[in-house]
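Step one of this worksheet: look at the structure below.
The values are calculated or read from the model by the stated rules, or taken from the named source; none is laboratory data. Being a predicted model, the structure only gives us computed values, none of them experimental. Every residue, glycine as well, gets a Cβ built from its backbone with ideal geometry; the counts of neighbours run over all protein chains shown.
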Amino acid sequence: MRPASAVAGLVLAAGVLTACGDAGATITRLTVGTPGPDPYTLMSGTDKTDIKERPKAGGTTTGDSPGLYGGTRREATCDPQKLIEFLQANPDKAGAWAKVHGIPVDDIPRYVSRLTPVVLRTDTLVTNHGYRNGEPTSGPAVLQAGMGVLVNGYGVPAVKCNCGNPLTRPDKKISPDGASYTGRSWPGFEERKVTEIEPRDAKKGTIVTFVLVDPEGTMGFERPRATEGEADGPPAELPATETELTGDSPSPYDSGLPSPGTGSPGTESPGTEPTGTESPGTPSPGTGEDGGDQPASPGVTSQDPGMGGGGDPTGAGTGTGSGTEPGPPMSLPPGEEPAPPVG
């Protein structure tokens, strides 16, 4: 019979393993400009090698955070249409690709057309799904800042642009701290600066406008969802999150402090609020606070491209003009897109 102290030690150890996740996992580092293992296809010119990384990196954040993603104004390096055409020409790969995202193969064009091309501004933890010898593969990976991705309506990376691989959120048991890494590293890589992106709260609806930052980190601008740069808003001030001075604070993974944006990502399905319900503090479309007419925001469409349906999305006309700080991403009425999975 084991002494009580030994049993207590085993229980404590089990609790530590549960709290810290699978620290023994092997994570693959994937650098900009390289497709990595098991690519679905090959696409060039999708990544940025000289991007200025986000000042606040590491821990967990939500996909609607202003300045989380970057891009070049009036330009997109990722071509969703090429991805659609490739998958349509390769039905076996299309079947595996669609299964990752839980959609029918015939729905690939509609699904991809709703995604938005952006560039990562932090080293980001994901699950990378590949294809090798006729079979799908998957595993945890860290994508280097500067890599082009397509993000879904909740702000979560869904496609790795330089190879077409579908992406999903990392397993909750995987932690970048204390994990084993394979693949070439890069200057500035630190485990504590690896970011995990959670979906925007489903009760807020899907994002209509992303607030991006240019590669040099000198300005912000708005990009309507499901557009490729042609509808980008005018240059604006950087979001407040990009101008704050940050010290060497401990990683939220091991500090015991709550991570930013770690609220439950939508425990209720969209549609729990009436369609057309506006986000808190958002004036009615087309009206100012005094009820008068208000011009539409530059770079914000009156209807989410690729979504179908008519009417103005919630929050239309609340954007900012040139020379002002971009506001937070606006949202569509709940129910426009299925909620992200919980957990």
Inset, instruction - For the range 210-240, name all the residues that are closer than 12 Å to Gly67 by Cα and among the β-branched types (Val, Ile, Thr). - result: Val211, Val213, Thr218
Inset, instruction - Could you look through the range 217-236, keep only residues that are among the small types (Gly, Ala, Ser) and part of a strand (DSSP E or B), and pick out the one that is surrounded by the fewest Cβ atoms within 10 Å (Cβ to Cβ)? - result: Ala236
Inset, instruction - From the list Arg114, Arg110, Arg184, Arg192, pick out the single residue that is modelled with pLDDT of 95 or more, of a type in the set (Lys, Arg) and closer than 22 Å to Pro37 by Cβ. - result: Arg184
Inset, instruction - Name the one entry in Asp201, Asp171 that is under 15 Å from Pro66 (Cα atoms), among the charged types (D, E, K, R) and in contact (Cβ under 8 Å) with a residue 60 or more places away in the chain. - result: Asp201
Inset, instruction - Would you be able to tell me the number of residues in the range 144-173 that are charged (D, E, K, R), in contact with a strand residue (DSSP E or B) (Cβ under 6 Å, 6 or more places away or on another chain) and surrounded by fewer than 19 Cβ atoms within 10 Å (Cβ to Cβ)? - result: 1
